[in-house]
Amino acid sequence: MMLKLGRMGVGCLRGVSTLGLALGLALTGSACKSGPSLIQKVTFKPSDNLEVVRVSLVFSSSIQSDLAGGFSLKDYGYLFVNPYTPSQPFEIGFDLNTSIINDQDYIKLTPTEVLPNGIPIGLPNAVVEIRAPNPISPKFDLYGYVDVLKLNWIGVATMFGFLDDRYFPAGLSLSQAFLRDQQGHPGMIASVFGPTVSGDGTLLRNGGIALFANVRQLIAQAGGHPPGQEQEFYPEGLVEVAGQGAEELRAHPAKLQAIQSRLIEGFQNAH
C-alpha cells in the first residue's frame, strides 16, 4: 500500500492529519514536527569512469551511534557502517565495482525476494543475498545483495543486535523511495524492518535497515553531472507499510512517532 505525502512548504500545514503525512514526517522530519527524524538523505558518488559506485544512507544527527565496521565482497569493494562524529553523520552503504553483478559464484546462489525478517524487499525481481561467514560485530551484521537476474540492483542490509521488539514492532517494514525515473521506477529504496519472533515471543532474528540502489539507473541519470561528483537525494513523500502490525498502524498513524522514538533510543543505547 503506497501512502502519499503532499508537498511541504516552508510553513506548517495546519489541519492535516493523513496517514501519509504522519509516516513521511516520522521518517524524515520537518520543521513542523516536534520529534527527531531518522533518515536525512542518500548520497551517490560514481568513480570518474563510472565503474565503481558509492551509495550511502545518511542518518540525521539524532542517530549518534558509534557502531562501525565493514565487509569486503571479494575484490569488488565493501559494505560499510560508519559511526557518527561531530563532522560526519552515521551512515550505512556500499562502495562496490558494478561488475559484481556478473560474478559467477554469486550467480549460483538462490535469489531471494525478502528481507532478513521475511518481509518482501519490494524490488521488481529477486536478488541474491551474500553473508560473511561470521557476524561483523557482536552488535551488528551486514548482508550484501546483488541482482544477478536483471543486472540492475545492488543492496546492503544491516541487522542490529539491539533491535528487538522493544524498539520496533516484530514483522513490520517501512520503506521509502528515492529518485524515481519518468516511468515511476525508484532509483533507490530504503527500509526499516522489525525483528522476527516465534509464536511464544522468542526472538529469532533482529531487525535492521536496508538500502537498495538500481545502479544502472543511477549511472544513467548521472550523465549530466561532472565525473566523480557526489550527488544527494532526499526521500519522496511516499511510504510503504508492510507486514505484521501494518493495519494497526494505518488505523492509528500517530503511533508511528512513538515507534520511531523507541528506535532512536535503541541506537543511542547501543554503545
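Can you find a residue that is part of a strand (DSSP E or B), under 22 Å from ARG54 (Cα atoms) and at pLDDT 95 or above anywhere in the range 102-111? No, that holds for no residue. Only residues that are out of contact with any strand residue (DSSP E or B) (no Cβ under 9 Å at 6 or more places or on another chain) and under 22 Å from SER61 (Cα atoms) were counted in the range 212-259, giving 2. The sole residue among LEU96, LEU115 that is at pLDDT below 90 and within 20 Å of the chain's Cα centre (by Cα) is LEU115. Scanning the range 255-271 for residues that are modelled with pLDDT of 80 or more, among the aliphatic types (A, V, I, L, M) and touching a helix residue (DSSP H, G or I) at 6+ places or on another chain (Cβ under 8 Å) yields one hit, ILE259.
Residues of the range 129-137 include at least one that is surrounded by fewer than 17 Cβ atoms within 10 Å (Cβ to Cβ), under 19 Å from ILE209 (Cα atoms), out of contact with any Pro (no Cβ under 8 Å at 6 or more places or on another chain) and touching a residue at least 60 places away in the same chain (Cβ under 8 Å).
Quick one: in the range 224-263, which of the residues that are in a helix (DSSP H, G or I), free of Cβ contacts under 8 Å to residues at least 40 places away in the same chain and not acidic (Asp, Glu) is surrounded by the fewest Cβ atoms within 10 Å (Cβ to Cβ)?
Going through the range 224-263, the residues in a helix (DSSP H, G or I) turn out to be 224, 246-251, 255-263.
If we keep only those that are free of Cβ contacts under 8 Å to residues at least 40 places away in the same chain as well, we get 224, 247-248, 251, 255, 258.
Subset that is not acidic (Asp, Glu): 224, 251, 255, 258.
Working: GLY224: 5, ALA251: 9, LYS255: 15, ALA258: 11.
Ranking the qualifying residues of the range 224-263, first place goes to GLY224.
Just one of the listed residues (LEU123, LEU57, LEU79, LEU50) is assigned to a loop (DSSP other than H, G, I, E, B), hydrophobic (A, V, I, L, M, F, W, C) and in contact with a strand residue (DSSP E or B) (Cβ under 9 Å, 6 or more places away or on another chain), and it is LEU123. Could you check the range 167-179 and list, in sequence order, the residues that are farther than 14 Å from GLY122 by Cα and outside any loop (DSSP other than H, G, I, E, B)? Answer for the range 167-179, where residues must be farther than 14 Å from GLY122 by Cα and outside any loop (DSSP other than H, G, I, E, B): just LEU179.
Out of curiosity, is VAL148 in contact (Cβ under 8 Å) with a residue 40 or more places away in the chain and in a strand (DSSP E or B)?
For VAL148, the condition - in contact (Cβ under 8 Å) with a residue 40 or more places away in the chain and in a strand (DSSP E or B) - is not met.
Residues that are in contact with a Ser or Thr (Cβ under 6 Å, 6 or more places away or on another chain), crowded, with 17+ Cβ neighbours inside 10 Å and among the basic types (Lys, Arg) do not occur anywhere in the range 206-220.
Scanning the range 60-75 for residues that are in a strand (DSSP E or B) and either among the small types (Gly, Ala, Ser) or touching a His at 6+ places or on another chain (Cβ under 6 Å) (or both) yields GLY69, GLY70, SER72.
TYR167 falls short on exactly one of the conditions (1) in contact with an Asp or Glu (Cβ under 8 Å, 6 or more places away or on another chain); (2) under 21 Å from GLY207 (Cβ atoms); (3) surrounded by fewer than 22 Cβ atoms within 10 Å (Cβ to Cβ), and that condition is (3). LEU73 falls short on exactly one of the conditions (1) within 17 Å of the chain's Cα centre (by Cα); (2) farther than 22 Å from VAL192 by Cβ, and that condition is (1). Among the candidates TYR106, TYR84, TYR76, the residue that is among the hydroxyl-bearing types (Ser, Thr, Tyr), buried (at least 18 other Cβ atoms within 10 Å of the Cβ) and in contact with a Leu (Cβ under 8 Å, 6 or more places away or on another chain) is uniquely TYR76.
Of the residues contained in the range 89-99, one or more are found to be more than 30 Å from ALA170 (Cα to Cα), in contact (Cβ under 8 Å) with a residue 40 or more places away in the chain and either in contact with a Leu (Cβ under 7 Å, 6 or more places away or on another chain) or in a loop (DSSP other than H, G, I, E, B) (or both).
Just name the residue that is farthest from LEU263 (Cα to Cα) out of those in the range 151-166 that are aromatic (Phe, Trp, Tyr) and in a strand (DSSP E or B).
Kept after step one, since they are aromatic (Phe, Trp, Tyr), are these residues of the range 151-166: 153, 160, 162.
Narrowing further to those that are in a strand (DSSP E or B): 153, 160.
Details: TRP153: 27, PHE160: 11 Å.
Across the range 151-166, the extreme among qualifying residues is TRP153.
The values are calculated or read from the model by the stated rules, or taken from the named source; none is laboratory data. Note that the structure is predicted; figures quoted are calculated from it, not measured. Note: ideal-geometry Cβ built from the backbone for every residue, glycine included; neighbour counts use all protein chains shown.
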